[in-house]
Amino acid sequence: MSPRPGGEADKFGGRYEGAWTVARLLEVLAGRAVSLQVERGGITPDGVEFFLRRENGVEAHQVKRQAGRARSWTLLALKKAGVLAGAAERVEAGDRFHFISLIPSGDLEELADRARRSDDTRDFVARMLGKEYRLGFDQLCAADAWGGPERAWRVLRGCYADWSSERSVRAQNAALAELLFDNEDGQHVASELGDLVADNLGLTLDAAKAWRLAGEHGLRRAALLGSTSISERVEQLTTRWLNELGGELLRPPIARTEVDELVARFRGDARVLLLSAVAGAGKSAALRECVESLGWPALALRADRLVYGPSTRGLGEQLGLGVSPVVALAAVAQDSPALLVIDQLDAVSLASGRAPELLGTLVELVEERAAYPQMRVLMACRAFDLASDERLRALVAPGGVASEIKLGQLSHEEVAAALESMGLDAARLRPAQRELLQLPLHLVLLAAVADDEHALEFGTAKELFDAFWQRKRRDAERRREPRVRFASVVGRIAERMSASQRLSVALVALDEDDLAADAELLTSEHVLTISDDQVAFFHESFFDCVRPGMDRA
């Protein structure tokens, strides 16, 4: 097929336009859209590259990478590029007009959103416009633009803008392609689909025709959706995470208002949230409460248990999923709401010194999530690392991928209620003790020694840790003869953690001197956790106690 002017050579020889088009074809293949028609008879006079039919109407997409060296599209630049004229033509023909670019067209998107939230032109001008956008609307009303307020308001209501990065679009394409096609690398599939589109310009591609043509390109339909093995592994990973949190939980638990906020925002329009707090404030427990409150299919990962992989698929293979964790969760959820949890994000901080190179892969996971509109992501990170690592700060900065929710410390009333449940008198607390116990971790330590007559004689956090260690050692020794090698197990684990700069070690590290049996006993005492042949302290703070020379805030 010889390329049409402005057609194959210009579009699918490029990068961004082709990736965006493939993203829409994937929607057709996934059943989210009815059909795709690219360059109907060549690029249309109004500049539209393709038409995407959905159940509720047709979208006309115009894609322009950028405007020269400009960092954004002004309304004037859109008019000069013919975008405004094209938008009016398509909207008045009954389509929804989508303008896509690498750089923002914020004024157009904001005005369009406000127009859709108004009842009529009068309401829009009086209530929604405001001084900030009055000048822009006047530009749209000009005779050489949309020629008046009424027409401008009507056209705006049918306009949409998107400025997703090329990396993000490609990550989403790979994630959805990996779900839909069998035993294939998602990026390779997306490239093949680009060729498919270029070979079939002008044709209307519905799902049946697109799947047939994909087969001709050597692509096979996957059997991931509803896969029993994927479902079982996702459940295993999340159950493992829940079990590892057992030693960190208060009994009875303290309901956190921040969890209510997380749940409410996820049930609303929030897509990616990051929970931050000081060490010991109960971030992981709050994540667990959120997972249980939502009741959605969930996949939980701990960043401090992961080994660096350059791709999300490699990360999934490391976890026994065989595909990207996002793809695995999508296969289980099947377009119903789902939650991906990334706990202990501080483990990839530059400040922590553990595995900073892993952050890029985790960010790609978040970008892949956008391929599945019903999926949400919940991350947790220490406030210290969030403040110290500019890469992490960028996640929650304006325009970042996540919104931050800060988890506060417990109130004095909550501390008093917790002590009452332990059979302790909160009235005996000194101010410094009361402040220490506002961290849930310290309450967990106190609960372990609450039956000791000297339980409330601690003065510092170190004294609380020491009391906890001594009690656990005594309890372990009472359960086994000869005496359990408490110090040897703890020392061996801390030594290997220090050497590897990770917060877990392979269980085989305890094979020497047959320490594994002692470690299992300490696991039953909630001092250690063991899962997937990895052993760790039940909370990372204990590593700091055992290895005080380590720089861990």
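Some observations on this one:
- Criterion: crowded, with 17+ Cβ neighbours inside 10 Å, over 22 Å from LEU329 (Cα atoms) and without any contact (Cβ under 8 Å) to a residue 40 or more places away in the chain - qualifying residue of ALA152, ALA208: ALA152
- Number of residues in the stretch 307-331 that are under 17 Å from the mean Cα position of the chain (by Cα) and closer than 16 Å to ALA177 by Cα equals 13.
- Residue within the stretch 153-161 that is modelled with pLDDT of 95 or more, touching a His at 6+ places or on another chain (Cβ under 6 Å) and aromatic (Phe, Trp, Tyr) present: yes
- The stretch 218-241, residues that are within 22 Å of the chain's Cα centre (by Cα), among the aliphatic types (A, V, I, L, M) and buried (at least 17 other Cβ atoms within 10 Å of the Cβ): LEU224, ILE230, VAL234, LEU237
Every residue, every condition in (1) out of contact with any helix residue (DSSP H, G or I) (no Cβ under 8 Å at 6 or more places or on another chain); (2) not basic (Lys, Arg), yes or no:
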residue: GLU413; (1), (2): yes, yes
residue: ARG430; (1), (2): yes, no
residue: LEU443; (1), (2): no, yes
residue: THR460; (1), (2): no, yes
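- Residues satisfying the stated conditions in the stretch 155-190, i.e. in a helix (DSSP H, G or I), out of contact with any Lys or Arg (no Cβ under 8 Å at 6 or more places or on another chain) and surrounded by fewer than 17 Cβ atoms within 10 Å (Cβ to Cβ): ARG167, HIS188
- Those helices (runs of 4 or more DSSP H) lying entirely in the stretch 242-356 with at least 2 residues buried (at least 21 other Cβ atoms within 10 Å of the Cβ) and not hydrophobic (A, V, I, L, M, F, W, C): 283-294, 312-318
- When the test is whether a residue is without any contact (Cβ under 8 Å) to a residue 60 or more places away in the chain and among the small types (Gly, Ala, Ser), ALA303 passes it.
- Candidate set: the stretch 395-412, residues that are assigned to a helix (DSSP H, G or I) and at pLDDT 95 or above; chosen: the one surrounded by the most Cβ atoms within 10 Å (Cβ to Cβ): LEU395
- Those residues of the stretch 86-102 which are surrounded by fewer than 18 Cβ atoms within 10 Å (Cβ to Cβ) and within 28 Å of the chain's Cα centre (by Cα), in sequence order: LEU102
- Near pairs, Cβ below 7 angstrom, 6+ apart or cross-chain, from the stretch 118-145 (without any contact (Cβ under 8 Å) to a residue 60 or more places away in the chain) to any residue that is of a type in the set (S, T, N, Q) and surrounded by 15 or more Cβ atoms within 10 Å (Cβ to Cβ): PHE124/SER118; ARG127/SER118; MET128/SER118
- Candidate set from the stretch 364-394 (those that are in contact (Cβ under 8 Å) with a residue 12 or more places away in the chain, within 30 Å of GLU27 (Cα to Cα) and in a helix (DSSP H, G or I)); member that is nearest to the chain's Cα centre (by Cα): VAL366
- Qualifying position, being over 25 Å from HIS61 (Cα atoms) and not aliphatic (A, V, I, L, M), among GLY186, GLY202, GLY215: GLY215
The values are calculated or read from the model by the stated rules, or taken from the named source; none is laboratory data. It should be emphasised that the depicted structure is a prediction, and the values quoted were computed from it without experimental measurement. When we count neighbours, we look across all protein chains shown, and the Cβ atoms used for this are built from the backbone with ideal geometry, even at glycine.
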